[in-house]
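Data first, discussion second: the structure below is written as structure tokens.
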Amino acid sequence: MGFENNGVITNFEDFEKYTFPSINDFDYKNFEKVKSLLPDGMGVIGQYGDIFTMTWEMMGFESFSFALFENEELVNKLNDKLGELVLSMFEYFAQSDIVDAIWYSDDIAYTNSLMVSPAVLDKYFFPWLKKIGDLAKRHNKPLIYHTDGILYDVMEKIIDCGVDAIHPIEPKAMKIFEVKERYGDKLCLIGNIDVDLLARGSVNEIKLNVKKNIEQVGFNGGYCVGSGNSIPEYVKLENYMAMIKTVKEINSNL
């Protein structure tokens, strides 16, 4: 996937030929097993996502962009198919006694702009996020949402969908203290420790970054320290451990 030009589905014939999984193909046995293995105080997060991302990836971004004007019926059909499959996962997460929180991931922005116009997101992204948010609220579970990039143009829409926490507040895209100032009464903030810093910085730089974030946005609650993205294998173990250790040291001194 991830084609810039043409993907695996560019017309209705491709769509009809493609073998999609069925809802019954999804196996949740590992969720049922893991709860008994966790230490006290640790919970389970149900995570999946990418309804919007998979829509454009399966078409290829260029084909997807043209289809928004020339073949919107195909975009609708593919988006609906993927959305119903992914939504079924969140129906399980929301109803399961094993799952304590829900995490939806779907990148919609670059560091300097949204990937597409807000109008396109209103058609192919926000309706699904709202359905997931409604599930979370109905079953009283926190909803975490992940997207990279700058989000100011659509942050209120994200909040209106029922999102409780946002990750990762990408350092190159948004200043975390500004996000806290504007939305801290509505959102918990997660992340913001730059992955490049974790990979190439020093232990002291990590400690200073963590302390700065906590001082700026953490002391009145609503901030979870974490990386600005997934932890790849090239991140230095000592830096990752320094991030965790610094948080524990600060908490013990409060």
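The values are calculated or read from the model by the stated rules, or taken from the named source; none is laboratory data. Because the structure is a prediction, the values reported are computed rather than measured. Backbone-built Cβ (ideal geometry, glycine too); neighbour counts: all protein chains shown.
Residues that are out of contact with any Phe, Trp or Tyr (no Cβ under 8 Å at 6 or more places or on another chain) and either under 19 Å from E4 (Cβ atoms) or of a type in the set (S, T, Y) (or both) were ranked within the stretch 117-127; the one that is surrounded by the fewest Cβ atoms within 10 Å (Cβ to Cβ) is S117. The set of residues in the stretch 125-145 that are of a type in the set (A, V, I, L, M, F, W, C) and in a loop (DSSP other than H, G, I, E, B) contains only F125.
Going by what's in this entry, would T53 be described as loosely packed, with under 14 Cβ neighbours inside 10 Å, under 21 Å from P168 (Cα atoms) and hydroxyl-bearing (S, T, Y)? No.
So that you can scan it fast, the table gives a plain yes or no per residue for (1) surrounded by fewer than 19 Cβ atoms within 10 Å (Cβ to Cβ); (2) of a type in the set (S, T, Y); (3) modelled with pLDDT of 95 or more; (4) in contact with a Cys (Cβ under 7 Å, 6 or more places away or on another chain):
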site: A165; (1), (2), (3), (4): no, no, yes, yes
site: E178; (1), (2), (3), (4): yes, no, yes, no
site: K186; (1), (2), (3), (4): yes, no, yes, no
site: V195; (1), (2), (3), (4): no, no, no, no
site: Q216; (1), (2), (3), (4): yes, no, no, no
site: P232; (1), (2), (3), (4): yes, no, no, no
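No other residue among F93, F66, F52, F61 is aromatic (F, W, Y), touching a strand residue (DSSP E or B) at 6+ places or on another chain (Cβ under 7 Å) and farther than 15 Å from C161 by Cα apart from F93.
Residue-by-condition table, conditions (1) over 20 Å from K131 (Cβ atoms); (2) buried (at least 20 other Cβ atoms within 10 Å of the Cβ); (3) in contact (Cβ under 8 Å) with a residue 24 or more places away in the chain:
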{"position": "G41", "(1), (2), (3)": "yes, no, no"}
{"position": "I45", "(1), (2), (3)": "no, no, yes"}
{"position": "S63", "(1), (2), (3)": "yes, yes, yes"}
{"position": "V99", "(1), (2), (3)": "no, yes, yes"}
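For the stretch 102-124, which positions are in a strand (DSSP E or B) and over 30 Å from F31 (Cα atoms)? Answer for the stretch 102-124, where residues must be in a strand (DSSP E or B) and over 30 Å from F31 (Cα atoms): A109, L114.
Whether a residue is free of Cβ contacts under 8 Å to residues at least 24 places away in the same chain, closer than 25 Å to A119 by Cβ and of a type outside the set (A, V, I, L, M, F, W, C) was assessed, and D50 does not pass this test. Say whether the condition of being more than 24 Å from Y110 (Cα to Cα), free of Cβ contacts under 8 Å to residues at least 60 places away in the same chain and part of a loop (DSSP other than H, G, I, E, B) is met by at least one residue in the stretch 183-196. Yes, the stretch 183-196 contains a residue that is more than 24 Å from Y110 (Cα to Cα), free of Cβ contacts under 8 Å to residues at least 60 places away in the same chain and part of a loop (DSSP other than H, G, I, E, B). Scanning the stretch 197-209 for residues that are surrounded by fewer than 17 Cβ atoms within 10 Å (Cβ to Cβ) and assigned to a loop (DSSP other than H, G, I, E, B) turns up just one, S202. When the test is whether a residue is touching a residue at least 24 places away in the same chain (Cβ under 8 Å), out of contact with any Asp or Glu (no Cβ under 9 Å at 6 or more places or on another chain), farther than 29 Å from Y124 by Cα and not hydroxyl-bearing (S, T, Y), N239 does not pass it. The one condition from (1) exposed (fewer than 10 other Cβ atoms within 10 Å of the Cβ); (2) small (G, A, S); (3) under 25 Å from the mean Cα position of the chain (by Cα) that S36 does not meet is (3).
The single condition from (1) hydrophobic (A, V, I, L, M, F, W, C); (2) part of a strand (DSSP E or B); (3) in contact with a Lys or Arg (Cβ under 6 Å, 6 or more places away or on another chain) that I159 fails is (2). Looking only at residues in the stretch 128-161 that are surrounded by 20 or more Cβ atoms within 10 Å (Cβ to Cβ) and of a type in the set (G, A, S), the one that is nearest to G46 (Cα to Cα) is A136. Considering the stretch 1-59, and only residues there that are polar (S, T, N, Q) and assigned to a helix (DSSP H, G or I), the residue that is modelled with the lowest pLDDT turns out to be S36.
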